[in-house]
Amino acid sequence: TVNDEKLHFGSLFDITERRLHQINLHYLNTHDQLTGLFNRRYFLQLMNERIEKYDERSSKFALLFLDVDQFKLINDTCGHSAGDIFIKELSHELFDVVSDKYPFARLSADQFGLLANYENSQELRHLSTQLLTKMRKFEFKWDRHVFTQSMSVGIAPFDESIPSGEELLSYADTACLIAKEGGRDKIHIYS
C-alpha cells in the first residue's frame, strides 16, 4: 500500500500466437488436408463417441459410405495431381448437399463418410439420391478430357448390437460393395 492506495503487480503475456498454433494443430489433426473435410481418424472418433452415448431416447443415425466409381481412370489418364483436384472439387460439390448438418469426412483417396440422423429409411434414400444426383451433374475438365463419374453408396443404420464405429464402417463398406456389384451408381442399405 502506498499513500492508502492498493497497488497490484503482475505480468502480461500475449498468448495469441501460441493459441493460434494450438487451433491450427487441432485443425490439422482432425481434417483432411486436401479437401478440408474431417479425416478418417477423427470421423471414427466422432462415431465412437456417438455410439457410447447412444440410448433408446437418442435419434437414429446411419453411416453413408460414398465410393467414387472408377476413380483410377482419372489418375491413369491424367495423373495424380488431376485426381487430387477432382477429389477436392467433388468434395465441395457433395458438401453443398450436406452442409454443416452432419459430420462429413474423406475416408480414403476416393471414399467419403457421412453420419446422418433419420426417422425412416426413406430419408436416407432421399439424402443418398441427392448426393448421387449431384455427382451425376458434376463434370471434371482436365486438359482436353471431360469426365463424368458415378458413385456408389452403402448405408449402414446403427443399432445397439454394433459395438464400434469401425464395425459400422465395415457394414457400410460391405453395403457399398453390393451397390457396386449391382451396376454402380446405386444405393444399398445394409441389413
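If R0 is 25 Å, what FRET efficiency do you get for residue 60 and residue 137 from their C-beta distance, rounded to 0.05? The partial results should precede the final answer.
Numbers: r = 29 Å, r/R0 = 1.18.
Taking R0 as 25 Å, the efficiency between residue 60 and residue 137 is 0.25.
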*Taking amide hydrogens as modeled 1.01 Å from N in the peptide plane, which residues meet the under 5 Å criterion relative to residue 107, leaving out close sequence neighbours?*
112, 113
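What's the whole-number percent of alpha carbon pairs in region 78-162 lying beyond 17 angstrom?
Working: 1847 of 3570 pairs.
Of all Cα-Cα distances in region 78-162, 52 percent exceed 17 Å.
What number comes out for accessible area per residue over region 19-87 if the probe is 1.4 Å? Units Å², please.
I get 58 Å² per residue for region 19-87.
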*Along the Cα-to-Cβ line of residue 184, 7 Å from the Cα, sits a label point; which residues in region 61-95 have backbone N less than 14 Å from it?*
67-77
*Sorted by average packing, counted as other Cβ atoms within 10 angstrom per residue and highest first, what order do 86-92, 159-165 take?*
86-92, 159-165
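Classify the chain as rounded, prolate or oblate from the Cα gyration tensor: take a ≥ b ≥ c as the square roots of its eigenvalues, call it rounded if a/c is under 1.5, otherwise prolate when a/b beats b/c and oblate if not. Kindly include the intermediate steps, with their values, before the conclusion.
On the way: a/c = 3.06, a/b = 1.61, b/c = 1.91.
Oblate, since a/c reaches 1.5 and b/c is not below a/b.
Please find the FRET efficiency linking residue 24 to residue 89, where r is the Cβ-Cβ separation and R0 is fixed at 25 Å, and quote it to the nearest 0.05.
On the way: r = 25 Å, r/R0 = 0.98.
Computed FRET efficiency for residue 24 and residue 89: 0.55.
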*What FRET efficiency, computed as 1/(1 + (r/R0)^6) with R0 = 30 Å and r the Cβ-Cβ distance, is obtained for residue 101 and residue 12, rounded to the nearest 0.05?*
0.10
*In region 123-162, what is the volume of the convex hull around the alpha carbon atoms, normalised per residue and reported in Å³?*
67 Å³
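Expressed in nm to one decimal, what extension gain is obtained for the pair residue 191 and residue 40 from 0.36 nm per residue of sequence separation less their Cα-Cα distance?
Working: separation 151, 0.36 × 151 = 54.36 nm, distance 2.37 nm.
Contour length minus Cα-Cα distance gives 52.0 nm.
Count charges around residue 96 for me, please; just the other residues with Cβ under 13 Å from its Cβ, Lys/Arg as +1, Asp/Glu as -1. Show your work: numbers first, answer last.
On the way: positive: 101, 134, 137; negative: 89, 93, 100.
Once all neighbours under 13 Å are counted, the net charge is 0.
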*What is the spin-label model distance, in nm, from residue 121 to residue 70 if the labels are put 7 Å beyond Cα along the C-beta direction?*
3.0 nm
*Per-residue [θ]222 nm for the chain (sum of -39500 (n - 2.57) over DSSP H runs n ≥ 4, rounded to 500)*: -15000 deg cm²/dmol
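The values are calculated or read from the model by the stated rules, or taken from the named source; none is laboratory data. What you are looking at is a predicted structure, and each value in this text was computed from that prediction instead of being measured. Heads up, the Cβs are rebuilt from the backbone with ideal geometry, glycines too, and the neighbour counts pull from every protein chain shown. Surface areas here come from the heavy atoms of the whole protein model, side chains and all, with no ligands, DNA or RNA. Shrake-Rupley method; radii C 1.70, N 1.55, O 1.52, S 1.80 Å.
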